[in-house]
Amino acid sequence: MAHPTGLSQGEYAYEEGKVFAGITFARRELARPFRGCEVTTGSSPSSGSASPLGRWVLDHLTVAADDAPCAGAFDGMRFDGDGVALALSYACPKGARLDIDARFASDLERGHRHIVALTAGDERREAVATETRTRVSFAVGGGEPSPTQSPAQGVFASLARMGIEHILTGYDHFSFWWGWCSSGGPYDR
């Protein structure tokens, strides 16, 4: 399975006081924070590479219930083709709101997005964390999560911002518009 650079995925499961997380990254995207580490070179994981990566993810992915921090644990990792999958768990106090802060989104490649899919009971909700908005929140009272912002609004707003930023900062787009405008555009005859 191809793991696109610039996009990580997190499957989160909430069960009374516990959050279980499965996070996947493209290996080449981890090259920036882990130069020369086995995670980026394709070797099998060893305790020497799993430990630093596990600590880094735990430091950069925090979970809180009603602003009270959840205690995180790194449960393991495995390679999945060109990606790496990590298992984490968090012990949380009871709360009505669950906050997931994916700070690693601002440490990876520019424009990185982290898809957060939270399951609690029979309900599943999704939100997107970005380099400028790393924290997403879900109401989890009664075991049914609901995002503080509707999933469609969060995803659309995030992708629209990214598209506008791409157009305005991409040299190829700038060159096209400059050339088109300097030649008189479609009205030059």
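The values are calculated or read from the model by the stated rules, or taken from the named source; none is laboratory data. Every value quoted in this text rests on a predicted model; they were computed, and no experiment measured them. Virtual Cβ from ideal backbone geometry, glycine too; neighbours counted across all protein chains shown.
Only one of the numbered conditions (1) at pLDDT 90 or above; (2) in a strand (DSSP E or B); (3) crowded, with 19+ Cβ neighbours inside 10 Å is violated by PHE104, and that is (2).
In the stretch 102-122, the residues that are in contact (Cβ under 8 Å) with a residue 40 or more places away in the chain and within 17 Å of GLY72 (Cβ to Cβ) form Cβ pairs under 9 Å with partners that are of a type in the set (D, E, K, R) and assigned to a helix (DSSP H, G or I), at six or more places apart or across chains, as follows: ARG103/ASP59; PHE104/ASP59.
Taking the conditions exactly as written (over 10 Å from the mean Cα position of the chain (by Cα), modelled with pLDDT of 85 or more, surrounded by 15 or more Cβ atoms within 10 Å (Cβ to Cβ) and within 17 Å of GLU11 (Cβ to Cβ)), does VAL140 satisfy them or not? Walk me through how you get there before you give the answer.
On the way: over 10 Å from the mean Cα position of the chain (by Cα): yes; modelled with pLDDT of 85 or more: yes; surrounded by 15 or more Cβ atoms within 10 Å (Cβ to Cβ): yes; within 17 Å of GLU11 (Cβ to Cβ): yes.
Answer is yes for this residue.
Summed over the stretch 64-90, residues that are of a type in the set (A, V, I, L, M, F, W, C) and under 15 Å from ALA120 (Cα atoms) total 1. For the stretch 1-54, the candidate set comprises residues that are of a type in the set (Lys, Arg) and closer than 29 Å to SER137 by Cβ; within that set, the residue that is modelled with the lowest pLDDT is ARG32.
Selection within the stretch 119-133: residues that are out of contact with any His (no Cβ under 8 Å at 6 or more places or on another chain) and either closer than 18 Å to HIS60 by Cβ or part of a helix (DSSP H, G or I) (or both). The member of this set that is modelled with the lowest pLDDT is THR132.
Can you tell which of ALA87, ALA127, ALA91, ALA65 is touching a residue at least 24 places away in the same chain (Cβ under 8 Å), touching a helix residue (DSSP H, G or I) at 6+ places or on another chain (Cβ under 9 Å) and farther than 16 Å from ARG32 by Cβ? Quick ask: steps written out before the conclusion?
Values: ALA87 fails: touching a helix residue (DSSP H, G or I) at 6+ places or on another chain (Cβ under 9 Å); ALA91 fails: touching a helix residue (DSSP H, G or I) at 6+ places or on another chain (Cβ under 9 Å); ALA65 fails: touching a helix residue (DSSP H, G or I) at 6+ places or on another chain (Cβ under 9 Å).
Residue meeting the stated conditions: ALA127.
Go through the stretch 55-99 and tell me which strands (runs of 3 or more DSSP E), entirely inside it, have 2 or more residues that are farther than 18 Å from GLY22 by Cβ. Quick ask: steps written out before the conclusion?
Details: elements: 61-65, 71-80, 83-91.
It comes to 61-65.
Is at least one residue of the stretch 110-120 surrounded by 15 or more Cβ atoms within 10 Å (Cβ to Cβ) and charged (D, E, K, R)?
Filtering the stretch 110-120 down to residues surrounded by 15 or more Cβ atoms within 10 Å (Cβ to Cβ) leaves 111-120.
When the remaining residues are screened for being charged (D, E, K, R), the result is 113.
Yes: one or more hits.
Only one of the numbered conditions (1) closer than 24 Å to ASP66 by Cβ; (2) surrounded by 15 or more Cβ atoms within 10 Å (Cβ to Cβ) is not met by ALA96, and that is (2).
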